[in-house]
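Undergrad: Could you have a look at this structure, given as structure tokens, before my questions?
The values are calculated or read from the model by the stated rules, or taken from the named source; none is laboratory data. Everything quoted here is computed from the prediction, not taken from an experiment. Quick reminder, even Gly has a Cβ in these numbers, built from the backbone with ideal geometry, and neighbours come from all protein chains shown. Ligands, DNA and RNA are excluded from the accessible area calculation, which covers all protein heavy atoms including side chains. Shrake-Rupley method; radii C 1.70, N 1.55, O 1.52, S 1.80 Å.
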Amino acid sequence: ASLISPEQVDGLQARLDPGDVLLERRNWYLSNLGLPGFWPHSELYVGTEAELAEYFDSDPEVREAYPDGLGAFIARQSPEAWRAFRENGADGRPHRILEAISEGVAFSSLHEAAQADYVAALRPRLTRLAKADALARAFTHYAKPYDFDFDFLTLSTLVCSELVFQAYLAPPGEGLELPLSEVIGRLTLPPNDLARMFD
């Protein structure tokens, strides 16, 4: 059983905005041994279709960039991802999370994703348009295989923090400047570095 209760997840959900980055740790996972730092996993909070519309579509900059609404744009650009997003998670709750897990880049409910022992929410200090752009980019990576080589120089496969990195990769001033570091000879972005950057 995880240390975080369903009631705590409900409380967290009420405080999240689309575009937030979540960090998570499940104690006693063997995979923790090979990953540097306390936080081994990161994911993107998308919200539901209605929450996306409520958060983004009233913003004048977002409306100008996405005249039909952000959801309509994503549905046209990434139809397979949009269909999967609109389904419910394995637990019957709406999908709200996009993450790269061992099965590949997939959606899950917040309750599935936060079934952990520690969760932290990070909020990028960016415009709603920059966050909308980030989520639109993130949807294009849906169903890509997991990158067991942790290689940030390829886009055909993604690791969890690489999905966050690619979503927020944008021209200076428009995205997050996320620094890559070398781990065992590879350029990567450990979730712990995300925590350090936001601290």
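Undergrad: Region 42-66 to region 130-162: how many Å between their Cα centroids?
TA: 19 Å
Undergrad: Let me ask something else about it. Probe 1.4 Å, all protein chains in place: accessible area of LYS131 in Å², nearest 10?
TA: Ignoring ligands and nucleic acids, LYS131 comes out at about 10 Å².
Undergrad: Now for a separate question. With each pseudo-label sitting 7 Å past Cα toward Cβ, what's the ASN88-GLU177 distance in nm, one decimal?
TA: In this crude spin-label approximation the distance works out to 4.5 nm.
Undergrad: Among 105-113, 170-178, what's the highest-first ranking by average C-beta atoms within 10 angstrom per residue?
TA: For the peptides 105-113, 170-178, the packing ranking is 105-113, 170-178.
Undergrad: Counting only protein heavy atoms and a 1.4 Å probe, tell me what percentage of the chain's accessible area is made up of carbon and sulfur.
TA: About 52 percent, which is the carbon plus sulfur part of the accessible surface.
Undergrad: A further question on this structure: Full extension from SER156 to ASP17: what is 0.36 nm times the residue separation minus their Cα-Cα distance, to one decimal in nm?
TA: 47.2 nm
Undergrad: State whether region 70-199 is rounded, prolate or oblate according to the following rule on the C-alpha gyration tensor (a ≥ b ≥ c being the square roots of its eigenvalues): a/c under 1.5 gives rounded; otherwise a/b larger than b/c gives prolate, and the remaining case gives oblate.
TA: Rounded is the answer for region 70-199, as its axis ratio a/c remains below 1.5.
Undergrad: Please compute the per residue accessible area over the chain with all protein chains in place, 1.4 Å probe, rounded to a whole number of Å².
TA: Spelled out: the 1.4 Å probe surface of the chain, per residue, equals 51 Å².
Undergrad: Using a Gaussian network model on the chain with a 10 Å cutoff between Cα atoms, which of LEU135, LEU122, LEU44 fluctuates the most?
TA: LEU122
Undergrad: Protein chains only, probe 1.4 Å: how do GLU61, GLU99 rank by accessible area, largest first?
TA: GLU61, GLU99
Undergrad: Stretch ALA143-ASN27 to full length: gain in nm at 0.36 nm per residue minus the Cα-Cα span?
TA: 39.1 nm
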